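The values are calculated or read from the model by the stated rules, or taken from the named source; none is laboratory data. Nothing here was measured: the structure is a model prediction, and the numbers come from that model. Ideal geometry is used to build each Cβ from the backbone, glycine not excepted, and the neighbour counts take in all protein chains shown.
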């Protein structure tokens with residue numbers, strides 16, 4: 001008698017953020033990443049418009065899947081990517097057009113026409129965003145600039161499922177990617193929005209599946225190029241911020257918030273207060289891995305960090321910290337003015353820093369204050385759990401711990417998105433979270449926060 005398939009131990013995760021593309025190998029028993037490789041997610045600035053290097057990524061993934069399998073063994077594959085992206089395939093399964101970079105401002109050319117056809121916020125939970133941050137705006141612009149494209153397009157798939165398609169030959173969308181301010185999804189009904197029909201895509205948008213759905217096994221070609229077993233399963237995949245949420249959906253907490261950090265800082269509230277979301281402040285409704293709506297707010301915190309840090313590697317000293325707090329050296333929003341709760345503003349210093357240490361400390365405080373603003377906008381309650389790079393920034397965590405009365409936890413995982421994506425394959429207990437102590441100088445941080453808000 002043949003028994004059930006063993007639980008996959010080593011799960012390879014394709015993890016494409018806006019800044020880097022990664023392949024991680026996650027041990028499902030220890031919830032640890034045992035291997036990680038990265039390459040820049042460089043945008044190709046060439047005709048017909050700025051687009052992503054999909055073939056370069058594919059070669060990178062195949063090469064490293066083979067290396068991971070040779071050194072450790074790969075038992076399953078999961079996928080997570082940034083949102084605001086779709087891929088258009090023709091009848092042969094090839095690209096109908098290159099995958100547009102969502103930061104390209106070309107779609108702004110059609111603003112007036114697109115605004116007339118897009119659904120209202122009450123239907124989609126999706127705010128109107130610049131450039132191609134609304135997938136509907138991308139599609140509208142692409143079809144307007146190339147009248148033959150709609151007919152050439154046989155399948156529209158969300159970005160994680162493009163890699164799933166390359167691996168398995170099956171096409172799909174996933175509910176979290178469709179629910180990521182695309183304008184294409186109604187998060188309350190769990191169905192496509194009216195815009196899909198308006199754009200002529202009702203029979204072209206691939207089926208929306210749960211993120212953990214096993215889409216299939218790898219193709220014979222993929223198996224031959226990587227050495228993986230032909231029976232290696234591939235799950236549908238997930239939007240990266242929602243991947244950070246997966247580990248906590250499986251825990252015993254009821255009311256909490258998760259802050260996913262990377263190029264984007266995305267705050268998501270579970271069972272928070274009853275607030276009216278304000279789309280003008282970049283609040284939105286995400287859809288989690290089980291298809292439920294999640295009030296969210298975000299800003300481009302990782303991008304802002306890199307801009308203000310300006311490649312400095314200085315660690316703030318205690319003197320830097322006290323100087324910033326006593327002299328009210330404050331960074332005011334918005335460093336990245338095209339998104340976030342203070343979009344449209346141009347950043348300034350209340351009192352310019354005199355050293356790299358002062359600048360970087362004030363930057364960490366700014367990022368925490370912006371995060372708190374996002375959490376307030378979505379009515380977040382209970383403990384706040386921080387995933388990603390900012391979970392290792394003690395100055396950021398100190399300020400946030402002062403501002404969040406129910407505690408702040410820092411995830412131990414270096415790549416929360418990869419861990420969450422792996423847990424789609426092999427559900428596990430909630431990962432370890434280190435709860436942040438309130439710092440000794442909490443009163444100084446509280447007064448600093450009050451002054452920052454007063455200046456706004």
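On the basis of being touching a helix residue (DSSP H, G or I) at 6+ places or on another chain (Cβ under 9 Å), in contact (Cβ under 8 Å) with a residue 24 or more places away in the chain and either over 30 Å from residue 59 (Cβ atoms) or part of a loop (DSSP other than H, G, I, E, B) (or both), does residue 257 make the cut? Quick ask: steps written out before the conclusion?
Details: touching a helix residue (DSSP H, G or I) at 6+ places or on another chain (Cβ under 9 Å): yes; in contact (Cβ under 8 Å) with a residue 24 or more places away in the chain: yes; either over 30 Å from residue 59 (Cβ atoms) or part of a loop (DSSP other than H, G, I, E, B) (or both): yes.
Criteria met by residue 257.
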Quick one: count up the residues across region 103-117 that are in contact with a helix residue (DSSP H, G or I) (Cβ under 6 Å, 6 or more places away or on another chain) and not in a helix (DSSP H, G or I). 0
For region 346-456, which helices (runs of 4 or more DSSP H) that fit wholly inside it have 3 or more residues that are under 23 Å from residue 308 (Cα atoms), assigned by TED's automatic domain parsing to the domain that holds residue 328 and within 27 Å of the chain's Cα centre (by Cα)? 356-377, 394-403
So in region 158-172, with the set limited to residues that are farther than 24 Å from residue 282 by Cα, outside any helix (DSSP H, G or I) and touching a helix residue (DSSP H, G or I) at 6+ places or on another chain (Cβ under 6 Å), which one is modelled with the highest pLDDT? 172
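In this structure, does residue 38 turn out to be in the same structural domain as residue 163 (by TED's automatic domain parsing) and part of a loop (DSSP other than H, G, I, E, B)?
Numbers: in the same structural domain as residue 163 (by TED's automatic domain parsing): yes; part of a loop (DSSP other than H, G, I, E, B): no.
So residue 38 does not fit the description; no.
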List the number of the failed condition for residue 129; all other conditions in (1) at pLDDT 95 or above; (2) surrounded by fewer than 24 Cβ atoms within 10 Å (Cβ to Cβ); (3) under 30 Å from residue 189 (Cα atoms) hold. (1)
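Of 329, 308, which residue is part of a helix (DSSP H, G or I) and at pLDDT 95 or above? Before the answer, list the steps.
Working: 329 fails: part of a helix (DSSP H, G or I).
None of the other options fit; the residue is 308.
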Given the structure, is residue 401 buried (at least 22 other Cβ atoms within 10 Å of the Cβ), farther than 15 Å from residue 456 by Cα, free of Cβ contacts under 8 Å to residues at least 60 places away in the same chain and in contact with a strand residue (DSSP E or B) (Cβ under 6 Å, 6 or more places away or on another chain)? yes
Between 201, 215, 195, 228, which is in a loop (DSSP other than H, G, I, E, B), modelled with pLDDT of 95 or more and either in contact with a helix residue (DSSP H, G or I) (Cβ under 6 Å, 6 or more places away or on another chain) or outside the structural domain of residue 161 (by TED's automatic domain parsing) (or both)? 228
It is to be established whether one or more residues within region 53-65 are part of a strand (DSSP E or B), under 23 Å from residue 168 (Cα atoms) and at pLDDT 95 or above. no
Quick count over region 118-156, residues being farther than 15 Å from residue 85 by Cα, under 23 Å from the mean Cα position of the chain (by Cα) and in a helix (DSSP H, G or I), is 4
Anything in region 174-216 that is free of Cβ contacts under 8 Å to residues at least 40 places away in the same chain and under 18 Å from residue 80 (Cβ atoms)? List them, or say none. 208, 209, 214
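Got at least one residue in region 62-79 being within 18 Å of the chain's Cα centre (by Cα) and surrounded by 15 or more Cβ atoms within 10 Å (Cβ to Cβ)?
yes
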Matching residues, region 311-323, being surrounded by 14 or more Cβ atoms within 10 Å (Cβ to Cβ) and either part of a loop (DSSP other than H, G, I, E, B) or under 25 Å from the mean Cα position of the chain (by Cα) (or both): 314, 316
